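Have a look at the structure below before the remarks.
Just so it is clear, none of the values below were taken in a lab; they were calculated from the coordinates. Because the structure is a prediction, the values reported are computed rather than measured. Cβ atoms come from the backbone with ideal geometry, glycine included; neighbour counts cover every protein chain shown.
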Amino acid sequence: MIWLWVMLAAALTVAGMVWLGRLPAAARPLAGAAVMLGLAGYALQGSPALPGKPVAAPAEPEGFGDAIADQRQGMADRFGPAAQWLGMSDGFARTGKTEFAAQTLQQGLARYPDNVDLWVGLGNALVAHGGGVMSPAAALAFDEAAKRDPTHPAPPFFAGLALAQGGDLKGAEAVWSELLARSPADAPWRGDLEMRLAQLRQALGSQLPPATPEAP
């Protein structure tokens, strides 16, 4: 039955080239030969009689390489002047155009130079453009964001995430520990931060210095 459909598709292909494509008579034998060559290759290598076997999508790797655009944890301004630029930048980043993603945020910063979310977004875009490594330019962007609002959680959160992604687990642990210490108990990002910090400390294991005992 499969071969019947294959032959029908081949016949429709030839007919389409002849009538719809107005293929010249002199070129028709060559077109027919091309179709027959394709059928011969399928006959040699194809296996139409085999049952289908769906393949499950590969599992996401564990660790700290989460998609940055989806992990703002309510820290970004979704409806302010930064939202438009962040949305466009995320669109470029999802298609692998990390350079355009960074350039888009630079254009946004030209209009809103003191916007914390745009500086954080630029840092994230530069990290993505650098293959997940915290470059000096990305670190500068996070620092500029922190200067604009030292109490904003996004700059240290994403700076720590970038450090962890790049393999600097101790640096990430130090940044996130400081952020957790100053985060309110009801902060919407606190639970996620505590989970990530616990995973980070577990990965570090004995590399961390012993905790200082509290004074009685």
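Structure data summary
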| read-out | value |
| --- | --- |
| Modelled FRET efficiency - R0 41 Å, residue 147 with residue 185, Cβ distances, 0.05 increments | 0.95 |
| Simple spin-label estimate for residue 195 and residue 84 in nanometres, 7 Å along Cα-Cβ | 3.5 nm |
| Estimated translational D of the stretch 75-175 in µm²/s (Stokes, Kirkwood radius over Cα pairs; 4 °C; 1.567 mPa s) | 98 µm²/s |
| Burial ranking of peptide ranges 148-159, 90-101, 127-138 (average Cβ count within 10 Å, highest at the top) | 148-159, 127-138, 90-101 |
